[in-house]
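The values are calculated or read from the model by the stated rules, or taken from the named source; none is laboratory data. Keep in mind that what you see is a predicted model, and the values were worked out from it rather than measured. Backbone-built Cβ (ideal geometry, glycine too); neighbour counts: all protein chains shown.
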């Protein structure tokens, strides 16, 4: 915080897609949501104009807002909703939880250094009290605003806005991706809702036609109904695991064209070796970078890697 306030912090400013930042942040926190049994939903506008900011700093902001939302949402029926929408002159992001909310008095102090309101469910403060002040400073550096809206008992919504990059029109460069990609079909086979939501948004943003299967049997049925160009295949699937699905894909002569990308948890090198031996084309280790995943998918489908 001291470096940021004194002007000694390093900043790497560039034009970027805010939706990509959100998706990468969500992917990085999916394990936390799953561990705490918190449901995450997203409503992210497509083809938004680009903004100018520091990508890593914005990810820092998003991770702080997401982690706070998980901490303070309902202890047994936790829900967090993330939205991105376009407003006149800029973009707005909202992170809403269904926790116990924040009183008007506490809303005035949570953006102060070392001030914490704690989890009103347990009456225990958590963290250092620096996350929100740093996040506000980052957003304000790039011409935006960060604030909170809440009523006790009705959760809290943390919002920030950022202006469009100078010279950016209403059309995003990502629109150009839609032309030749719509004929490419992607099948997502994963039973973790937060991962499915993130992958579906990511693949649709790239312009692909997307289907979802939540278990191995459903994945094979989806392939039989309409053969995809590529499958993002989680190893730990119910009914039939990813290894069985991959094996059956490679055993069917009519399915040989399908590209298989296996998704595995960090540190499971034996699973990676087994998947490749069964005929998988590639693998990604969770949590993965959305940029790396898109590059891998595009490469396997013979599309330019941006």
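Some points to look at:
Condition check ((1) touching a strand residue (DSSP E or B) at 6+ places or on another chain (Cβ under 8 Å); (2) farther than 26 Å from residue 70 by Cα; (3) at pLDDT 90 or above) across all residues:
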site	(1), (2), (3)
197	yes, no, no
218	yes, yes, yes
244	no, yes, yes
248	no, yes, yes
257	no, yes, yes
282	yes, yes, yes
295	no, yes, yes
301	yes, yes, yes
304	no, yes, no
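- Verdict on residue 188 being modelled with pLDDT of 90 or more, under 28 Å from residue 31 (Cβ atoms) and within 24 Å of the chain's Cα centre (by Cα): yes
This table checks each residue for (1) surrounded by fewer than 16 Cβ atoms within 10 Å (Cβ to Cβ); (2) farther than 14 Å from residue 159 by Cβ; (3) touching a residue at least 40 places away in the same chain (Cβ under 8 Å).
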site: 57; (1), (2), (3): no, yes, yes
site: 66; (1), (2), (3): no, no, yes
site: 76; (1), (2), (3): yes, yes, no
site: 82; (1), (2), (3): no, no, yes
site: 88; (1), (2), (3): yes, yes, no
site: 91; (1), (2), (3): no, no, yes
site: 94; (1), (2), (3): no, no, yes
site: 101; (1), (2), (3): no, yes, yes
site: 104; (1), (2), (3): yes, yes, no
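- Among the candidates 154, 123, the residue that is farther than 14 Å from residue 65 by Cα, at pLDDT 90 or above and loosely packed, with under 15 Cβ neighbours inside 10 Å is uniquely 154.
- Residue within the stretch 280-289 that is more than 30 Å from residue 55 (Cα to Cα), crowded, with 19+ Cβ neighbours inside 10 Å and either touching a helix residue (DSSP H, G or I) at 6+ places or on another chain (Cβ under 7 Å) or touching a residue at least 40 places away in the same chain (Cβ under 8 Å) (or both) present: yes
- Just one of the numbered conditions (1) free of Cβ contacts under 8 Å to residues at least 60 places away in the same chain; (2) farther than 14 Å from residue 148 by Cα; (3) assigned to a loop (DSSP other than H, G, I, E, B) is not true of residue 70: (3).
- Count - residues of the stretch 261-279 that are closer than 29 Å to residue 17 by Cβ and either modelled with pLDDT under 85 or surrounded by fewer than 17 Cβ atoms within 10 Å (Cβ to Cβ) (or both): 3
- Residue 159 being surrounded by fewer than 20 Cβ atoms within 10 Å (Cβ to Cβ), at pLDDT 95 or above and more than 29 Å from residue 281 (Cα to Cα): yes
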